[in-house]
Amino acid sequence: MTSITIRELRADDIDEFCRFLTVNFYGHEPVLQTPGDHKIVTDTPEKRETRLAIIRQGLSLVAVDSSNEGRIVGIAYAEEMVPNDLEINWNKVNEKKPKSFLDHVHLFLSGVEIRSKFFERFEASKALFLNILTVDATVCNQGIGRRLVAALIELGRSKGFPLIAVSCTSLYSTRVMSALGMSCVHSENYLDFKDEDGNVVLKPPAPHTSVNLMAMKL
């Protein structure tokens, strides 16, 4: 543990960052473990452009292992969000009928976020929104995720954010956020989300049964 430190995620980390997401986020995110051949493309020029724009905000953190040439072992990928962003995201995913599995995931999560009304609940005009928290499987259960979020909370305070929020798609991340003082302001069960034919779309493995919008004043 003493060899693992937290620092800002930088633009020059982009190659390692994208590889890390492919293996540790796309490979282990509960929602994405829904049975089926979903053919998810994890890295494209468009995705990189979006990721770089968010990274350049200076609000994302990584855990690195100094005993292993500074290898990234955890990420807290976050951005500034304002109320209008929720509307833009919601309108964007509703412009067309969902075709791919990821289309359904984005529709579900953007709906959860807008229905949570977390900006209104906390009377905040902006928030530090944690998009992705993931840790390398080789260093799980060492408290790295909690360290990343704790550092992100302090970063948010230092930047003057009045609120931090995150959509927790796993039971484990929900527990981490709760232990750090966040509260659940909205929750929706995966089995309640169905396509237009009435089929359940999201079937993550147990014990992950719902997404929980967690938030806290800073």
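Each reported figure results from applying straightforward, stated rules to the coordinates on display, with no laboratory input. All figures in this text were calculated on a predicted structure; none of them were measured in a lab. Every residue, glycine among them, receives a Cβ derived from its backbone with ideal geometry; neighbour counts consider all protein chains shown.
Table: residues versus (1) farther than 29 Å from Thr209 by Cα; (2) touching a Lys or Arg at 6+ places or on another chain (Cβ under 7 Å); (3) assigned to a helix (DSSP H, G or I).
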{"site": "Ile14", "(1), (2), (3)": "yes, yes, yes"}
{"site": "Asp37", "(1), (2), (3)": "no, no, no"}
{"site": "Ala53", "(1), (2), (3)": "yes, no, yes"}
{"site": "Val62", "(1), (2), (3)": "no, yes, no"}
{"site": "Asp85", "(1), (2), (3)": "no, no, yes"}
{"site": "Asp103", "(1), (2), (3)": "no, no, yes"}
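Anything in region 37-49 that is closer than 28 Å to Arg157 by Cα and surrounded by fewer than 12 Cβ atoms within 10 Å (Cβ to Cβ)? List them, or say none.
Correct list: Glu49 only.
Run Asn24 past the list (1) assigned to a loop (DSSP other than H, G, I, E, B); (2) under 14 Å from the mean Cα position of the chain (by Cα) and report the number of the one that doesn't hold.
(1)
Within region 135-145, is there a residue that is surrounded by 15 or more Cβ atoms within 10 Å (Cβ to Cβ) and within 25 Å of Leu86 (Cα to Cα)?
Scanning region 135-145, I find no residue that is surrounded by 15 or more Cβ atoms within 10 Å (Cβ to Cβ) and within 25 Å of Leu86 (Cα to Cα), so the answer is no.
Taking region 146-203 on its own, how many of its residues are charged (D, E, K, R) and either crowded, with 18+ Cβ neighbours inside 10 Å or in a helix (DSSP H, G or I) (or both)?
Residues flagged as charged (D, E, K, R) and either crowded, with 18+ Cβ neighbours inside 10 Å or in a helix (DSSP H, G or I) (or both) within region 146-203 amount to 7.
Checking the structure you have, find out if any residue of region 52-66 is in contact with a helix residue (DSSP H, G or I) (Cβ under 8 Å, 6 or more places away or on another chain), within 27 Å of Thr5 (Cα to Cα), basic (Lys, Arg) and surrounded by 15 or more Cβ atoms within 10 Å (Cβ to Cβ).
Checked against the condition, which is being in contact with a helix residue (DSSP H, G or I) (Cβ under 8 Å, 6 or more places away or on another chain), within 27 Å of Thr5 (Cα to Cα), basic (Lys, Arg) and surrounded by 15 or more Cβ atoms within 10 Å (Cβ to Cβ), region 52-66 yields no hits at all.
What is the one condition in (1) of a type in the set (D, E, K, R); (2) within 14 Å of the chain's Cα centre (by Cα); (3) surrounded by fewer than 19 Cβ atoms within 10 Å (Cβ to Cβ) that Glu123 does not satisfy?
Going through (1) of a type in the set (D, E, K, R); (2) within 14 Å of the chain's Cα centre (by Cα); (3) surrounded by fewer than 19 Cβ atoms within 10 Å (Cβ to Cβ) one by one, Glu123 breaks only (2).
Conditions (1) among the β-branched types (Val, Ile, Thr); (2) under 15 Å from the mean Cα position of the chain (by Cα); (3) over 18 Å from Val211 (Cα atoms), marked per residue:
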site: Asn131; (1), (2), (3): no, yes, no
site: Val135; (1), (2), (3): yes, yes, yes
site: Cys140; (1), (2), (3): no, no, yes
site: Val185; (1), (2), (3): yes, no, no
